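Report on the structure given below.
Derivation of every value follows stated rules applied to the coordinates shown; laboratory data play no part. Small disclaimer: the values here were computed from a predicted structure and weren't measured. Please note: Cβ atoms are built from the backbone with ideal geometry, for glycine as well, and neighbour counts cover all protein chains shown.
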Amino acid sequence: IRVVNRPLGTGTRLLFDRELNRAGIDPEKIEGYRNEIAKHLDVGIEILTGRADAAPCIRPVASLLGLDFIPLRWERFDLLIQKERFFDKGVQLFLGMLHEKPFHEAAKTFEGYDTSLSGKMVFPQENKQH
């Protein structure tokens, strides 16, 4: 099997390396493991054109290109905002958009995304010493 990979330091690469380690697979024995591709879409094109058989990638790319997709796990993304900037007009406009129907409708066109928590406030837990 020939693979292409995402660059070192990307979340996709970290997940791929962790899963290989968990399965006891030596990455250096995988053909193409060191062939790094910068963009998810380009990873999908490598598979679509037959230059690779498999790769770590995201579901929307697989859907867009008509490729099979095997999910490994769900990943949550949060937007971090400095307290001092929270009430800036641009920040508030962006956060407001996350609650609007057009945003959720547009997101539905991309398979694999759950926007049910979009725009919800999440606060870090304070470290409690016992």
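See the values below:
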{"read-out": "The stretch 1-102, dipole about Cα centre (Lys/Arg Cβ +1, Asp/Glu Cβ -1), debye to the nearest 20", "value": "240 debye"}
{"read-out": "Shape of the stretch 78-130, Cα gyration tensor, a/c cut at 1.5", "value": "oblate"}
{"read-out": "The chain: Lys pairs at Cα distance under 28 angstrom, eight or more positions apart or on different chains", "value": "11"}
{"read-out": "Longest segment of the chain lacking chymotrypsin sites (Phe, Trp or Tyr not before Pro) that sit in a DSSP loop with at most 12 other Cβ atoms within 10 Å", "value": "1-73"}
{"read-out": "Degrees between helix 11-22 axis and first principal axis of the chain (Cα, 0 to 90, nearest 10)", "value": "50 degrees"}
{"read-out": "Charge tally in the Cβ shell below 15 Å around Asp114, where Lys, Arg are +1 and Asp, Glu are -1, Asp114 excluded", "value": "+1"}
{"read-out": "Inter-label distance for Val91 and Asn21, nm, one decimal - labels placed 7 Å from Cα along Cα-to-Cβ", "value": "3.5 nm"}
{"read-out": "Pair Asp68, Ala38: separation of 7 Å Cα→Cβ label points (nm)", "value": "3.1 nm"}
{"read-out": "Long-range amide H partners of Glu36 with built H, under 5 Å", "value": "Asn5"}
{"read-out": "For the stretch 11-130: rounded, prolate or oblate by the Cα gyration tensor [a/c cutoff 1.5]", "value": "oblate"}
{"read-out": "Theoretical ellipticity at 222 nm over the chain - DSSP helices of four or more residues, -39500 (n - 2.57) apiece, nearest 500", "value": "-10000 deg cm²/dmol"}
